[in-house]
Amino acid sequence: MRCPFCAHPDSQVKDSRPTEDGASIRRRRQCEGCGARFSTFERVQLRELTMVKKDGAREAFDRTKLERSIAIAARKRPVTSEQIDRLVSSIQRQLETSGESEIDANRVGEMVMDGLQRLDSVAYIRFASVYKDFREAKDFEDFAGSVSEIGKE
């Protein structure tokens with residue numbers, strides 16, 4: 001593993017342990033060049049996934065991009081990084097076990113919406129504002145009204 005600090009090509013694993021959800025392994029490494037320590041995560045990848053965008057463009061599934069978009073929606077909310085990681089792992093696992101190698105980006109967006117709705121209503125609305133492409137304040141108002149009605153059921 002290349003060192004993120006000095007780019008030395010070799011590092012030594014000092015400690016390995018499973019993450020809380022058991023879906024990945026956290027490894028503490030030490031660079032053989034500069035001695036810096038850093039962590040890496042190893043996850044099982046069942047298949048290569050390709051995202052099919054609205055315009056028909058195709059790109060490889062990027063777990064980091066998904067984590068980042070959820071983290072932005074959940075910024076300054078009582079949602080932990082572990083909860084975000086579990087949500088992303090759950091979505092990735094569902095996609096990989098679906099049997100399909102090409103996934104419609106809208107399907108992933110809906111899966112994120114479902115997960116965020118259970119985690120935090122504000123993060124859910126924030127994500128929806130980008131995903132559903134809200135154009136004006138009325139869009140927020142209508143959507144937020146439908147969210148509060150769901151909570152009353």
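Things worth noting here:
- Restricting segment 80-91 to residues that are in contact with a helix residue (DSSP H, G or I) (Cβ under 8 Å, 6 or more places away or on another chain) and free of Cβ contacts under 8 Å to residues at least 40 places away in the same chain, the residue that is surrounded by the fewest Cβ atoms within 10 Å (Cβ to Cβ): Ser81
- Exclusive hit being of a type outside the set (Gly, Ala, Ser), over 22 Å from Gly22 (Cβ atoms), modelled with pLDDT of 90 or more and in contact with an Asp or Glu (Cβ under 9 Å, 6 or more places away or on another chain), set Val88, Val52, Val108, Val79: Val52
- Pairing each residue of segment 54-65 that is assigned by TED's automatic domain parsing to the domain that holds Asp85 with any residue that is assigned to a loop (DSSP other than H, G, I, E, B) and of a type outside the set (Lys, Arg), provided the two are 6+ apart or on different chains, yields C-beta distances under 6 Å for Phe61/Leu49.
- Being small (Gly, Ala, Ser), surrounded by 11 or more Cβ atoms within 10 Å (Cβ to Cβ) and outside the structural domain of Arg126 (by TED's automatic domain parsing) is a description that does not apply to Ala74.
- Of residues in segment 1-19 being in contact with a Phe, Trp or Tyr (Cβ under 8 Å, 6 or more places away or on another chain) and farther than 8 Å from Gly33 by Cβ, the one surrounded by the most Cβ atoms within 10 Å (Cβ to Cβ): Ser11
- Residue satisfying all of: in segment 17-37; in a strand (DSSP E or B) and closer than 26 Å to Ile91 by Cβ; nearest to the chain's Cα centre (by Cα) among these: Ser24
- Residue match in segment 3-23 (condition: assigned by TED's automatic domain parsing to the domain that holds Gln92, free of Cβ contacts under 8 Å to residues at least 12 places away in the same chain and under 26 Å from Arg86 (Cβ atoms)): no
- Residues (loosely packed, with under 13 Cβ neighbours inside 10 Å and either closer than 17 Å to Lys65 by Cα or at pLDDT 90 or above (or both)) located in segment 115-147: Arg118, Val130
The values are calculated or read from the model by the stated rules, or taken from the named source; none is laboratory data. Owing to the predicted nature of the structure, the values given are computational and were not obtained by experimental measurement. All Cβ positions, even for glycine, are placed from backbone atoms using ideal geometry, and neighbour counts span all protein chains on display.
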